[in-house]
Every structure is written in structure tokens, then in C-alpha cells.
Amino acid sequence: MWTASWHRWRGPFAAVCLLSIALAVWCFWRHKRYAQPGAWVWCGFVLLLGVPGLVGYLLHRRWPVREPCPACGRRAVVDRETCQHCGAVFPTPPLQGIEVFG
């Protein structure tokens, strides 16, 4: 009885496992791209929960803006003072005249 059940459900089970693995790899890649800590934790979370875990991961926080670094040209997160790739200091934004505290 168990063997017949396994033969019937092994295809869908394999598909769900492969989907969870693919989502976890994509989650890990995205987390590293934004240079955020805890990539392995989120990767495991998405691997265990699948699509609901990915939805929770994506809704977890606002994703920072990435712009080209003036030194190396690679896209880097701009919510830091230095580039995550080359370590160059980002230039300060130009003053617009509407700053209250200077």
C-alpha cells in the first residue's frame, strides 16, 4: 500500500522539492546581491516553506535602491557610505537649498 502511494505521488513530490530548492537559491542570490546579513537563514526559511516562505521573505522589508558606483561602475546599494564591491566612498548628494539642518 505504501509503495503504491509513493509511486503515485513521487512526481509531484519531486516537483515541489525542486521548486523549493530553486526558490531558496534565488532567495540566497537576491540576499547576497543586496549585501544583507542572514542569507542562509532566509534561504532555509524559503526552502522549508516554499512559496509562502518566499512571499514572507519578499514582504519582510523594503529593498534598498541600487545605483552604479562612480569608482567601479557596478550596481551597489546606496544606503551605505561605501561601495560593497570596491569600498570606494560614495559622493555626497548635491545640496538643493531645502535642507533644514546643515
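The values are calculated or read from the model by the stated rules, or taken from the named source; none is laboratory data. Note that the structure is a prediction, hence the values are computed from the model and not measured. Positions of Cβ are generated from backbone atoms using ideal geometry, with glycine treated the same way; all protein chains shown enter the neighbour counts.
Of VAL51, VAL77, VAL55, all but one fail to be under 17 Å from LYS32 (Cα atoms), free of Cβ contacts under 8 Å to residues at least 60 places away in the same chain and among the β-branched types (Val, Ile, Thr); the exception is VAL77. Within region 53-70, no residue satisfies the criterion of being buried (at least 16 other Cβ atoms within 10 Å of the Cβ), outside any helix (DSSP H, G or I) and of a type in the set (A, V, I, L, M). For region 1-52, a residue qualifies if it is exposed (fewer than 13 other Cβ atoms within 10 Å of the Cβ) and outside any helix (DSSP H, G or I), and the qualifying residues are MET1, PRO37, GLY38.
Pairs meeting the criteria (first residue in region 4-20 and not assigned by TED's automatic domain parsing to the domain that holds LEU47 and at pLDDT 85 or above, second residue outside any helix (DSSP H, G or I) and among the aliphatic types (A, V, I, L, M), beta carbons under 9 Å, at least 6 apart or on different chains) are lacking.
Evaluation of TYR57 against the conditions (1) farther than 30 Å from VAL16 by Cα; (2) out of contact with any strand residue (DSSP E or B) (no Cβ under 7 Å at 6 or more places or on another chain) shows that the sole unmet condition is (1).
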